[in-house]
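K.L.:
Pasting a structure below so you can have a look.
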Amino acid sequence: MELKLAVFDWNGTTIDDLPLVYGSVKEIFRIYGIPAPPLESYREEITADFMKFYENHGLTGATKEDLNAIRKRYLAEHGHAAKLHPVAKELIELCKRIGLQTAIVSAEIADVLDKRVTEFGLFPFIDRITGGAYDKPAALIETLDFFGVAAENAFYLDDTFDGLMAAKSVGLNTIGFCNGYNSRKRIMYAEPDFPNADFPEVLTHADVRDIILRGGAL
């Protein structure tokens, strides 16, 4: 079956921003006068419904908008520290070079995402960007419909349990990225088609590279 579309998550996957984002988490807890949980807890517990994480650690009374405002301000001040994961741009360029359509689907704030994609020079290699994708299954379906591609002809690379499960729920092939927001253990709970993938591994893993280069079946 021909592979036609490559879809990438952004935070923790395409961009190596875990230290930066965890910094924003600590800033949120600091502002509300509550001790921040350790990084290990964040990687085990964070989900797409991030409000539950904060509420579980004693931060109540804040709205999603309140927390996003703090996060956005922190990222604006410190965002230069985050870089693309090694080989991420090379993989995206490879997908484009061999004729695949490419997309980013992320819960990242839309204007923040657009700015960062521009700064890293990825726009020539990305055909569509969807930010603010809190309902990831819906956003992935919308992306497939936009390109007119069946789910079985696309793959999704993501670093979270929720993201991988969202992709699996709509029939996408999944590559689990284990060096991002969620721990390797949480990634394995999602049972991705190709687990334990780092960007260099995506390019060197015999099965995955063969699929990308030949457009074969996942």
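The values are calculated or read from the model by the stated rules, or taken from the named source; none is laboratory data. Keep in mind it's a predicted model, so treat the numbers as computed, not measured. Cβ atoms come from the backbone with ideal geometry, glycine included; neighbour counts cover every protein chain shown. The area values use the complete protein model at the heavy-atom level, side chains included, leaving out ligands, DNA and RNA. Shrake-Rupley method; radii C 1.70, N 1.55, O 1.52, S 1.80 Å.
K.L.:
Using +1 at the C-beta of Lys and Arg and -1 at the C-beta of Asp and Glu, which of Ser106, His57, Val87 has the Cα lying farthest in the positive direction of the dipole of segment 27-121?
P.N.:
Highest projection toward the positive end goes to Val87.
K.L.:
So what's the angle, to the nearest 10 degrees on a 0 to 90 scale, between helix 88-97 and the longest Cα principal axis of the chain?
P.N.:
Its long axis makes an angle of about 30 degrees.
K.L.:
To continue, here is another question. Return a whole-number percent for the relative contact order of the chain, with Cα pairs under 8 Å and 6 or more residues apart as the contact set.
P.N.:
Once normalised by length, the contact order is 28 percent.
K.L.:
So what is the calculated 222 nm ellipticity per residue for the chain, using -39500 (n - 2.57) for each DSSP H run with n of 4 or more, over all residues, to the nearest 500 deg cm²/dmol?
P.N.:
-14000 deg cm²/dmol
K.L.:
Now for a different question. Using a Gaussian network model of the chain with C-alpha springs under 10 Å, which one of Ala76, Ala133, Ala167 is most mobile by mean-square fluctuation?
P.N.:
Ala76
K.L.:
Name the most mobile residue of Pro195, Pro19, Pro35, meaning the one with the largest mean-square fluctuation, in a Gaussian network model of the chain with Cα contacts below 10 Å.
P.N.:
So, out of Pro195, Pro19, Pro35, the one fluctuating most is Pro35.
K.L.:
Here's another thing I want to ask about it. Please give the length that would be gained between Lys89 and Asp135 if that part of the chain were fully extended, namely 0.36 nm times their separation in residues minus their C-alpha to C-alpha distance (nm, one decimal).
P.N.:
Extra length available between Lys89 and Asp135 comes to 14.0 nm.
K.L.:
With labels modelled as points extended 7 Å from the Cα through the Cβ direction, what inter-label distance (nm, one decimal) is found for Thr47 paired with Arg184?
P.N.:
2.5 nm
K.L.:
Considering only protein heavy atoms, what per residue accessible area in square angstrom results for the chain with a 1.4 angstrom probe?
P.N.:
45 Å²
K.L.:
Expressed as an acute angle from 0 to 90° and rounded to the nearest 10, what is the orientation of the C-alpha long axis of helix 136-147 relative to the principal long axis of the chain?
P.N.:
Taking Cα atoms only, the helix is inclined about 30 degrees.
K.L.:
Let me ask something else about it. Calculate what fraction, in whole %, of the accessible area of segment 131-201 sits on carbon and sulfur atoms when a 1.4 Å probe is rolled over the protein chains.
P.N.:
Summing carbon and sulfur atoms, their accessible area is 52 percent of the total for segment 131-201.
K.L.:
Additional query: Helix 18-31 versus the longest principal axis of the chain: what angle, 0 to 90°, nearest 10, using Cα atoms?
P.N.:
20 degrees
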